[in-house]
Amino acid sequence: MASKKTADAEDRRPSGSAADSPDPAEVSLWERLDRPAPAPRATLTPQKIAAAAVQIADTDGIDAVTMRRLATELGVAPMAAYRYVSGKGDVLDLMTEAVYADLQLPDDLENWRDVMRAHALRTREIVLRHPWLIQISSPQALRALTPSRMAEAERALSSLDGLGLDIDAMMAVVGTVTSYVHGAVSAECAQHTLMREQGSGQPRRSAHRPRPADALPDEHRPLPHLSPLPPRSRPQGRPAVALRDRPGQRPRRHRGPAGHLSGR
């Protein structure tokens, strides 16, 4: 009777249980070393989360950044990232911090105009590299006070110190430059998107486009300044502002309506 119960227990024992495994004491050292090592658990950090999210946004746009997509890219469980972030808003802050960490100005800039110019050029480079920065719709993410952005603002403000401006005027100067750059780069990114949609592999059709003045009916003419312009009067991608002057070159002076000189 006892032997029958023992046999029944053996039949009910699940396959692959610990009882089916050999006794560790009976396994030699060399057999244990020959076994594949268990895969290490993926270790998350805020930096890894940010890097993965930036890569997704650079490739597929900001809307593709979801917590599930992040988990897939990082090779972790969908809930794993919530140990560090509470949701997509925090992820956007980490992404903004990561990309603006590249906005580092040369240490030898002392004149406030040089600092503002370098600040504008570096901002443009970063936004063109990561165009999703202008696609962020969250006001909180747009104005996220990350360490890198705070350091960037402090450097810009420090260059204006000693000019007799109060903090409100200094903030207005920095905000004006930043807003101008973001607006100009938004238009530039839109143009790049349009060109891609029309087929980036096709030859440019600028030479076949009408001149600016020719695109208007006769009643809107004469346009003496626009009529001589060809369809594209400057090299592709070159803004018509002094910010793209060669490094070290002083911005050009322009005469205003009253004949006053602007610029330096």
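The values are calculated or read from the model by the stated rules, or taken from the named source; none is laboratory data. These numbers come from a predicted model, not from an experiment. Reconstructed Cβ throughout: ideal geometry from the backbone, glycine too, with neighbour counts over all protein chains shown.
When Ser86 is evaluated against the numbered criteria (1) of a type in the set (Ser, Thr, Tyr); (2) part of a helix (DSSP H, G or I); (3) out of contact with any Ser or Thr (no Cβ under 9 Å at 6 or more places or on another chain), which criterion, by number, is the only one it fails?
(2)
Name the residue, out of Leu92, Leu121, that is touching a residue at least 24 places away in the same chain (Cβ under 8 Å), closer than 20 Å to Ala64 by Cβ and part of a helix (DSSP H, G or I). Give the steps one after another, and end with the answer.
Values: Leu121 fails: closer than 20 Å to Ala64 by Cβ.
So the residue among Leu92, Leu121 that is touching a residue at least 24 places away in the same chain (Cβ under 8 Å), closer than 20 Å to Ala64 by Cβ and part of a helix (DSSP H, G or I) is Leu92.
Can we say Asp102 is acidic (Asp, Glu), under 15 Å from the mean Cα position of the chain (by Cα) and surrounded by 19 or more Cβ atoms within 10 Å (Cβ to Cβ)? Break it down into steps so the answer makes sense when it comes.
On the way: acidic (Asp, Glu): yes; under 15 Å from the mean Cα position of the chain (by Cα): yes; surrounded by 19 or more Cβ atoms within 10 Å (Cβ to Cβ): no.
Judged against the criteria, Asp102 is not a match.
Based on what the data block shows, is Ala50 surrounded by 10 or more Cβ atoms within 10 Å (Cβ to Cβ) and modelled with pLDDT of 90 or more?
yes
Can you pull out every residue in region 97-121 that is over 21 Å from Asp161 (Cα atoms) and charged (D, E, K, R)?
Glu97, Asp102
Please work out if Gln47 is in a helix (DSSP H, G or I), at negative phi, in contact (Cβ under 8 Å) with a residue 24 or more places away in the chain and among the polar types (S, T, N, Q).
yes
Quick check: anything in region 63-84 free of Cβ contacts under 8 Å to residues at least 40 places away in the same chain, farther than 25 Å from Thr43 by Cα and β-branched (Val, Ile, Thr)?
no
Which count do you get for residues in region 71-91 that are of a type in the set (A, V, I, L, M) and within 23 Å of Leu145 (Cβ to Cβ)?
Kept after step one, since they are of a type in the set (A, V, I, L, M), are these residues of region 71-91: 71, 74, 76-77, 79-81, 85, 91.
Okay, now just the ones that are also within 23 Å of Leu145 (Cβ to Cβ), so 81, 85, 91.
Summing the residues that are of a type in the set (A, V, I, L, M) and within 23 Å of Leu145 (Cβ to Cβ) in region 71-91 gives 3.
Scan region 56-72 and tell me whether some residue there is at pLDDT 90 or above, more than 19 Å from Val99 (Cβ to Cβ), among the small types (Gly, Ala, Ser) and in contact with a helix residue (DSSP H, G or I) (Cβ under 9 Å, 6 or more places away or on another chain).
Yes, region 56-72 contains a residue that is at pLDDT 90 or above, more than 19 Å from Val99 (Cβ to Cβ), among the small types (Gly, Ala, Ser) and in contact with a helix residue (DSSP H, G or I) (Cβ under 9 Å, 6 or more places away or on another chain).
Yes or no: region 184-199 includes at least one residue that is farther than 18 Å from His130 by Cα, under 29 Å from the mean Cα position of the chain (by Cα), surrounded by 15 or more Cβ atoms within 10 Å (Cβ to Cβ) and at pLDDT 60 or above.
Looking for residues that are farther than 18 Å from His130 by Cα, under 29 Å from the mean Cα position of the chain (by Cα), surrounded by 15 or more Cβ atoms within 10 Å (Cβ to Cβ) and at pLDDT 60 or above, one finds none in region 184-199, hence no.
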